[in-house]
1. Would you kindly identify the helices (runs of 4 or more DSSP H) lying entirely within the stretch 1-83 that contain at least 3 residues that are at pLDDT 95 or above, of a type in the set (Val, Ile, Thr) and on the phi < 0 side of the Ramachandran plot?
2. Which residues, counting only those in the stretch 4-38, are under 26 Å from LEU117 (Cβ atoms), of a type in the set (D, E, K, R) and away from the ligand (no atom under 12 Å from the Cβ)?
3. When you go through (1) modelled with pLDDT of 95 or more; (2) over 17 Å from the mean Cα position of the chain (by Cα) one by one for ALA129, which number turns out not to apply?
4. Within the stretch 42-51, is even one residue surrounded by 15 or more Cβ atoms within 10 Å (Cβ to Cβ), of a type in the set (D, E, K, R) and touching a helix residue (DSSP H, G or I) at 6+ places or on another chain (Cβ under 7 Å)?
5. State the number of residues belonging to the stretch 124-141 that are out of contact with any strand residue (DSSP E or B) (no Cβ under 6 Å at 6 or more places or on another chain) and within 16 Å of the ligand (Cβ to nearest atom).
6. Go through the stretch 64-84 and give me each residue that's out of contact with any Ser or Thr (no Cβ under 9 Å at 6 or more places or on another chain) and among the basic types (Lys, Arg).
7. From the list VAL169, VAL158, pick out the single residue that is among the hydrophobic types (A, V, I, L, M, F, W, C), in contact (Cβ under 8 Å) with a residue 24 or more places away in the chain, surrounded by 15 or more Cβ atoms within 10 Å (Cβ to Cβ) and touching a strand residue (DSSP E or B) at 6+ places or on another chain (Cβ under 6 Å).
8. Check the stretch 112-124 and report whether any residue there is modelled with pLDDT under 95, surrounded by fewer than 22 Cβ atoms within 10 Å (Cβ to Cβ) and outside any strand (DSSP E or B).
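The values are calculated or read from the model by the stated rules, or taken from the named source; none is laboratory data. This is a predicted model, so every value here is computed, not measured. Cβ placement follows ideal geometry from the backbone for every residue including glycine, while neighbour counts extend to all protein chains displayed.
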Amino acid sequence: MSRTTVRKAVIPAAGLGTRFLPVTKASPKEMLPLVDKPLIQYAVEEAVASGIEDIIIVTGRGKRAIEDHFDRSVELEENLKSAGKSQLLHQIRQISNLANFCYVRQSEALGLGHAVLCAQHLIGDEPFAVILGDEIIDAAVPALAQLIHVYKKRHGAVLGVQDVPKQDVSRYGIVTPKRLAAGLHRVQDMVEKPSPSDAPSTLAVIGRYVLPPEIFPILRKTVPGKNGEIQLTDALRELAKKSPMFAQEIKGQRHDAGDKLGFLIATVEFALKNPTLGTDFNEYLLSRTRMITNDRRK
Ligand code: UTP
């Protein structure tokens with residue numbers, strides 16, 4: 001097995017989604033729809049478009065709908081078939097054929113690092129990707145493909161980053177970068193959610209990673225940090241001390257769909273781009289803007 005081929009991706013989806021309560025009380029955040037597709041399907045499609053064959057989804061209590069979504073739905077398929085709705089039928093069948101799906105349970109939400117560790121036995125001794133499904137990245141070249149491209153050349157862990165406004169750094173993991181080329185940096189260190197005055201840069205890690213299997217023994221030794229959770233950032237800091245780690249600035253429009261405002265913005269953007277709904281939705285927004293402007297003039 002070539003160590004440069006990234007075939008597997010882990011999608012951690014066992015978080016509690018507290019920023020999106022109450023809807024996430026009994027329904028998985030990952031199943032919230034952006035127009036007509038659940039968030040997690042965008043993540044899976046990005047992985048597949050980046051060359052991933054095996055998708056490992058880390059789930060937890062109350063997340064059964066995710067497995068059902070990527071499974072076949074024989075009754076629905078029969079119904080669509082007999083109703084002659086062949087296009088819908090094709091669309092529905094495609095979902096279960098996207099990749100090889102595998103599920104592992106994280107019995108307690110002990111942090112992102114712990115969620116990744118839960119997938120170790122399914123990854124084995126090869127590099128793998130991690131995609132956080134609530135970070136939606138709308139890009140001409142899939143975000144993960146941009147990282148895999150760097151991994152193939154540099155043979156070290158690659159983190160996807162984007163420049164964020166200084167006042168927002170405390171929401172992210174921030175890297176200490178050493179510039180190597182346009183958009184590419186060597187990661188010297190990183191810090192989780194720093195205050196703007198302590199941040200080493202404004203390059204934020206945005207939910208896309210390509211990691212070597214060497215991360216697993218480090219994760220196993222990582223002690224719980226903030227909120228008693230095993231933080232992936234802590235393990236990445238250790239890995240960066242031992243082997244080269246890179247940060248690639250991802251080209252694309254990112255939406256934090258795990259946050260209510262971010263989700264609403266993503267919904268509007270995706271609805272406007274939707275080939276069936278876009279024109280009518282745009283018309284609605286324009287008429288609404290005209291109404292507000294008229295009201296203000298009164
Ligand atoms: P987040 O912190 O963004 O997600 O974790 P969350 O915990 O679900 O949401 P909030 O912050 O409480 O609103 C990033 C990703 O890591 C997963 C989440 O599902 C999310 O996709 N995660 C987090 C796990 O799988 N397990 C965990 O223990 C924690």
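1. Fully inside the stretch 1-83 and qualifying: 39-49.
2. If the condition is that a residue be under 26 Å from LEU117 (Cβ atoms), of a type in the set (D, E, K, R) and away from the ligand (no atom under 12 Å from the Cβ), then ARG7, LYS8 are the ones that fit.
3. (2)
4. So far as the stretch 42-51 goes, yes, one or more of its residues are surrounded by 15 or more Cβ atoms within 10 Å (Cβ to Cβ), of a type in the set (D, E, K, R) and touching a helix residue (DSSP H, G or I) at 6+ places or on another chain (Cβ under 7 Å).
5. Of the residues in the stretch 124-141, 1 are out of contact with any strand residue (DSSP E or B) (no Cβ under 6 Å at 6 or more places or on another chain) and within 16 Å of the ligand (Cβ to nearest atom).
6. ARG64, LYS81
7. Details: VAL169 fails: touching a strand residue (DSSP E or B) at 6+ places or on another chain (Cβ under 6 Å).
Exactly one of VAL169, VAL158 is among the hydrophobic types (A, V, I, L, M, F, W, C), in contact (Cβ under 8 Å) with a residue 24 or more places away in the chain, surrounded by 15 or more Cβ atoms within 10 Å (Cβ to Cβ) and touching a strand residue (DSSP E or B) at 6+ places or on another chain (Cβ under 6 Å), namely VAL158.
8. Looking through the stretch 112-124, at least one residue is modelled with pLDDT under 95, surrounded by fewer than 22 Cβ atoms within 10 Å (Cβ to Cβ) and outside any strand (DSSP E or B).
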